[in-house]
């Protein structure tokens, strides 16, 4: 989450007046993350998240996200509701941006998850995947394999970000273009289930949030994104076998992967690492200097890419 667009008090008051949520008490920008503009909105009726949709979220995709969250909520997944105004409208306009008022969920996001918390996250991901197997909605993955080369080109000279990165990325793109699978089980996935997008109280998952990269892709790709973000040290150089094994064990309680999926996990994880390496490199170069946003270092995902490329990478996905 982040703040790129600022909201005038009068505009905020007019927006809140459309809802049965009371009047504005406070509205504070949230700096974490790099997508959209997000505010913690407190009213006399409670706490909410106000999200203004920025560069990577098309206004035309918002009805899909609303429908997706409604579906997951109907399947008892812990997702936040998009609040509707008195006219039944969820998608609003403020400060020149499409916006939604979103339910505030209890819990905190983690920076150092324990194995028990990793197991709970894996189980929550598996439960979500089961709920999505019959979901009729679909959305092309704008950050999927077919788009990574374009992100690299839009970033510019990658050696400016990290010395030697350009040749590493060129070689990896060529390898993945040749070997990327085409026929694994697929449906809508979260595609960004990092620890900061999971809310927890103790070892219990209370919220799955920030679905704005959700799209149609391989379910195993969603799993390796979660593996890469939950099982590694902050610098990306070390995969904790206890955390990794717990995550896989939790997921396996809900979903049994096919043999083809299991065999593809290291390759998919290389792709996931490259995807986040490239988008972080792009944002490192192109984030405005005056944005209230935390830029994220690309180098930990280069380290993950190198680890997933090792000969013993399959061992990282053993359920322990």
(request) Could you tell me which numbered condition residue 211 fails, if it satisfies all but one of (1) outside any helix (DSSP H, G or I); (2) out of contact with any strand residue (DSSP E or B) (no Cβ under 7 Å at 6 or more places or on another chain); (3) at pLDDT 95 or above; (4) surrounded by fewer than 21 Cβ atoms within 10 Å (Cβ to Cβ)? (result) (4)
(request) State all residues of the range 246-277 that are in contact with a helix residue (DSSP H, G or I) (Cβ under 7 Å, 6 or more places away or on another chain) and outside any helix (DSSP H, G or I); if no residue qualifies, say none. (result) 255, 257
(request) Provide a single number: the residues in the range 23-50 that are part of a loop (DSSP other than H, G, I, E, B), more than 23 Å from the chain's Cα centre (by Cα) and surrounded by 13 or more Cβ atoms within 10 Å (Cβ to Cβ). (result) 1
(message) Go through (1) closer than 30 Å to residue 245 by Cα; (2) touching a helix residue (DSSP H, G or I) at 6+ places or on another chain (Cβ under 9 Å); (3) buried (at least 16 other Cβ atoms within 10 Å of the Cβ) for residue 76 and report which single condition fails.
(response) (3)
(message) If residue 98 meets every condition in (1) touching a strand residue (DSSP E or B) at 6+ places or on another chain (Cβ under 9 Å); (2) part of a loop (DSSP other than H, G, I, E, B) apart from one, which number is that one?
(response) (2)
(request) Scan (1) assigned to a loop (DSSP other than H, G, I, E, B); (2) surrounded by fewer than 18 Cβ atoms within 10 Å (Cβ to Cβ); (3) outside the structural domain of residue 233 (by TED's automatic domain parsing); (4) touching a helix residue (DSSP H, G or I) at 6+ places or on another chain (Cβ under 9 Å) for the single condition residue 136 breaks and write down its number. (result) (3)
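The values are calculated or read from the model by the stated rules, or taken from the named source; none is laboratory data. No experiment lies behind these values; they were computed from the predicted model shown. When we count neighbours, we look across all protein chains shown, and the Cβ atoms used for this are built from the backbone with ideal geometry, even at glycine.
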